[in-house]
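Since the structure comes first, as structure tokens, the remarks are kept for the end.
The values are calculated or read from the model by the stated rules, or taken from the named source; none is laboratory data. Just so it is clear, the model here is predicted, and its values are computed rather than measured. Note: ideal-geometry Cβ built from the backbone for every residue, glycine included; neighbour counts use all protein chains shown.
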Amino acid sequence: MTVNATPIIELDRVSRVFEQRRRQVKAVDAVSLAVQEGEVVCLVGESGCGKTTTGKMIAGLIHPSGGEVRYAGKNIWAMSKDEFRRYRLAVQLIHQDPYASLNPAHTVYGIMSAPLLQHGIVANHKQARERVRDLLRTVDLTPPDDFLDKYPHQLSGGQRQRVSVARALTVSPKVIVADEAVSMVDVSIRVSLLNMLSRLKRDLGVTFIFITHDLAVAKHFAWEGRIAVMYLGRMIEIGRTPQIINHPQHPYTRALLSAIPEADPRITRTKERLQLRSLDIPSLLNIPSGCSFHPRCPLFEAGLCEVSVPPLADVGDGTRVACHVVARERAKEVVA
Amino acid sequence: MTFVRGIANWFGQTLRLIARNKAGFLGFIGLLFFIFLAFVMPLFVPLDKTSRVDKIYNPPSAEHILGTDFQGRDIFSLVVHGGRDVIVIAFLTGAISTFIAVVLGSISALLGGAVDSAIMAATDFWLAIPTFPLLAVLATQIKLNDVWLLSLILALLSWATLTRAIRSQVLSLRQRDYVEAARSLGMSHRHIIFKEILPNMMSYIAISLVFAMTAAVYAQGGLVFLGLLSFSDNNSWAVTIQLAWTRGAIFFKDSFLNIMAPVAAIALFQLSLVLFTRSLEEIFNPRLRVGV
């Protein structure tokens, strides 16, 4: 990864607050992230941690209430109309629910030809049909003629998700934000869908921001990339995937990893079991003071963790962790 | 040639969709019958305008199949000629009020903010107006015998409810993932409104149009029946009922059909409209369209 290149996507202390009957919900709190072109970054966290909101802010579908989202170095909300249009097409979002993301009133051809015709990518319906056929082949919907004139309700969940990927590809995006793109489909389909996405990443050089709650999926998809773990709207750990999976630093990441069931009972027996102090996720309306993980954290130290928010500290190996205790221990190791 | 075949194909498919629902198909046949009765039959059956003092309230006979009224006029000819204005006013009123509702409801939902508040305040105000008394007062002030004018006034009095319903539909539809996907794909506002949102509301709009039509039939019927409204050539199903009522047809066994024939015409027309909505659902819902 070249550090000096301008990141294609950059989040600079991005926050998003939702107003809810005069109460404020901090969905995303000062998240920073730089994604280089061609990279894969997985955003991981449990539901309600702000991953989807972050994804939608990257795709320019939600306005951040603080901070800046930059595409190729430029703040997307300060772009000229023309620049914004180019950014908009370059960053595509794939929704979680394939049953809601395709318009039930149109056929597969109708859904996919609309952006092609609107942006003048093809000149007429004849060319559009050819292009749609190619794209359907790209996402393994073969033979394409079986799908062109089908309505979404005539397709399975996996097929719909492929159509929704193919639709995103119509505008040749540079970045794809996949929001839980495989979580709603059958387990048996999931792997082939993931392999298809991996192939797109390889063949088309698309940058992927992959949002998931499933660390196993993140591991499978982003082994060469990075994983960013979010908790209650904050990023708490980010690093290269093998590092995060094999040597997780933050107690929350360790808890998540220890919760993954293993097929081999020997591994299960030797696996580190992390005991959380509480299993309840605090409400977003009432985020704990200091480190928001402190009520559940096994490393909790009174007088420190509930007082100040830990910054993301570099702990070596390209990993950064937001934890007072871990950062201190690692700093000692380095000195020793 | 291909164009003609395309039209024929479309027509055939629509007909098949209509026929898929038995109740809806019955409604469709009913509507065809009334359109034929009101627009084609008058070419063959002249309107009976002659008074015959020797034939007042005659029972049905070979000469007058529905009997005669208080002036000795042929009731069948009155029923044949009395449908046109009823149907035209119903359709115009339904179309105008649905159009207003779709435009205002969509604008309200899509623009939001101050525009939304203003339109919603207007509907609140409008809904608070007691429609029928207002119509009664209006009828004393303006001569409402023009089909267009009456339709416009009926429509202006009935857009508010539908506007609110359309607004909530659009509010729900614009949140859908596929609308977000269209925004992300840089699709124009026009595309999003007409291709993503509207098609999913079409069955709702079409059905609302039909119900607006039934309401318009009752509104004009009520006005005529109360004697607040008369048509230029003084014939409409409602006029026939009103005359039958005020001239005492209800007191004679033989003139039973004088009041029942136009009542049945109105009731059956309304029933056909309501039944037809079942087929409309079939036509506009792609989920039900499978296999055609």
Across the stretch A:33-86, the tally of residues that are part of a loop (DSSP other than H, G, I, E, B), crowded, with 23+ Cβ neighbours inside 10 Å and within 13 Å of chain B (Cβ to nearest Cβ) stands at 1
Result of the Cβ filter at 8 Å on the stretch A:192-203, keeping first residues that are more than 16 Å from A:Val41 (Cβ to Cβ) and partners that are surrounded by fewer than 18 Cβ atoms within 10 Å (Cβ to Cβ), at least 6 apart or interchain, is A:Ser192/A:Asp140; A:Met196/A:Asp140
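For every residue, the table says whether it meets (1) among the polar types (S, T, N, Q); (2) buried (at least 18 other Cβ atoms within 10 Å of the Cβ); (3) facing chain A (nearest Cβ under 7 Å).
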residue: B:Gln175; (1), (2), (3): yes, no, no
residue: B:Ala181; (1), (2), (3): no, yes, yes
residue: B:Ser184; (1), (2), (3): yes, yes, yes
residue: B:Met187; (1), (2), (3): no, yes, yes
residue: B:Asn200; (1), (2), (3): yes, yes, yes
residue: B:Met213; (1), (2), (3): no, yes, no
residue: B:Val217; (1), (2), (3): no, yes, no
Looking across the stretch B:278-292 at residues that are within 18 Å of B:Leu198 (Cα to Cα) and within 9 Å of chain A (Cβ to nearest Cβ), the single one that is modelled with the lowest pLDDT is B:Arg289
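Quick one: which of B:Asp48, B:Asp54, B:Asp69 is crowded, with 22+ Cβ neighbours inside 10 Å, among the acidic types (Asp, Glu) and either at pLDDT below 85 or over 16 Å from B:Ala261 (Cβ atoms) (or both)?
Matching residue, one of B:Asp48, B:Asp54, B:Asp69: B:Asp69.
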Yes or no: A:Met235 modelled with pLDDT of 90 or more, on the phi < 0 side of the Ramachandran plot, surrounded by 17 or more Cβ atoms within 10 Å (Cβ to Cβ) and out of contact with any helix residue (DSSP H, G or I) (no Cβ under 6 Å at 6 or more places or on another chain)? yes
Note on the stretch B:136-159: residues more than 23 Å from B:Ala101 (Cβ to Cβ) and buried (at least 17 other Cβ atoms within 10 Å of the Cβ) are B:Ala139
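Conditions (1) surrounded by 21 or more Cβ atoms within 10 Å (Cβ to Cβ); (2) in a loop (DSSP other than H, G, I, E, B); (3) modelled with pLDDT of 90 or more, marked per residue:
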site	(1), (2), (3)
A:Gln161	yes, no, yes
A:Ala168	yes, no, yes
A:Met196	no, no, yes
A:Lys219	no, no, no
A:Ile227	yes, no, yes
A:Gly239	yes, no, yes
Task: Flag if A:Arg133 is part of a helix (DSSP H, G or I), under 22 Å from the mean Cα position of the chain (by Cα) and surrounded by fewer than 20 Cβ atoms within 10 Å (Cβ to Cβ) - done: no
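When only residues in the stretch A:143-157 that are over 16 Å from A:Arg133 (Cα atoms) and touching a Pro at 6+ places or on another chain (Cβ under 8 Å) count, which is nearest to the other protein chains (Cβ to nearest Cβ)?
So the first thing to find is which residues in the stretch A:143-157 are over 16 Å from A:Arg133 (Cα atoms), and the list is A:152-157.
Right, trim to touching a Pro at 6+ places or on another chain (Cβ under 8 Å) and you get A:152-153, A:157.
Numbers: A:Pro152: 9, A:His153: 5, A:Gly157: 14 Å.
This residue is A:His153.
Would you confirm whether any residue within the stretch B:206-214 is without any contact (Cβ under 8 Å) to a residue 40 or more places away in the chain and assigned to a helix (DSSP H, G or I)? Show your work before the answer.
Applying the first criterion (without any contact (Cβ under 8 Å) to a residue 40 or more places away in the chain) to the stretch B:206-214 yields none.
No, the stretch B:206-214 contains no residue that is without any contact (Cβ under 8 Å) to a residue 40 or more places away in the chain and assigned to a helix (DSSP H, G or I).
State which residue is nearest to A:Val171 (Cα to Cα) when the search covers only the stretch B:189-198 and only residues that are of a type in the set (Val, Ile, Thr) and within 12 Å of chain A (Cβ to nearest Cβ). Let's see the steps before the verdict.
We begin by selecting, within the stretch B:189-198, every residue of a type in the set (Val, Ile, Thr); these are B:192-193, B:197.
If we keep only those that are within 12 Å of chain A (Cβ to nearest Cβ) too, we end up with B:192, B:197.
Details: B:Ile192: 17, B:Ile197: 22 Å.
If we take residues in the stretch B:189-198 being of a type in the set (Val, Ile, Thr) and within 12 Å of chain A (Cβ to nearest Cβ), then B:Ile192 is nearest to A:Val171 (Cα to Cα).
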Exactly one of B:Thr123, B:Thr98 is in contact with a Lys or Arg (Cβ under 7 Å, 6 or more places away or on another chain), touching a residue at least 24 places away in the same chain (Cβ under 8 Å) and among the β-branched types (Val, Ile, Thr), and that residue is B:Thr123
When A:Ile267 is run through (1) within 30 Å of A:His220 (Cβ to Cβ); (2) β-branched (Val, Ile, Thr); (3) in contact with a strand residue (DSSP E or B) (Cβ under 9 Å, 6 or more places away or on another chain); (4) surrounded by fewer than 18 Cβ atoms within 10 Å (Cβ to Cβ), the failure sits at (3)
Going through the stretch A:158-173 in order, the residues found to be more than 10 Å from B:Leu185 (Cα to Cα) and within 8 Å of chain B (Cβ to nearest Cβ) are A:Ser164
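Can we say A:Ser32 is closer than 23 Å to B:His189 by Cα and hydroxyl-bearing (Ser, Thr, Tyr)? First the steps, then the outcome.
Working: closer than 23 Å to B:His189 by Cα: no; hydroxyl-bearing (Ser, Thr, Tyr): yes.
Spelling it out, it is not the case that A:Ser32 is closer than 23 Å to B:His189 by Cα and hydroxyl-bearing (Ser, Thr, Tyr).
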Going through (1) facing chain B (nearest Cβ under 9 Å); (2) within 26 Å of A:Lys51 (Cα to Cα) one by one, A:Pro115 fails only at (2)
Of the residues in the stretch A:108-130, those that are more than 15 Å from A:Val171 (Cα to Cα) and either assigned by TED's automatic domain parsing to the domain that holds A:Ala178 or surrounded by 22 or more Cβ atoms within 10 Å (Cβ to Cβ) (or both) number 1
With criteria (1) part of a helix (DSSP H, G or I); (2) within 14 Å of another protein chain (Cβ to nearest Cβ), B:Val170 comes up short on (2)
Residue hits (the stretch A:87-109; within 21 Å of the chain's Cα centre (by Cα), facing chain B (nearest Cβ under 7 Å) and of a type in the set (S, T, N, Q)) are A:Gln92, A:Ser101
For B:Phe194, the lone unmet condition from (1) over 21 Å from B:Leu47 (Cβ atoms); (2) touching a helix residue (DSSP H, G or I) at 6+ places or on another chain (Cβ under 9 Å); (3) part of a helix (DSSP H, G or I) is (2)
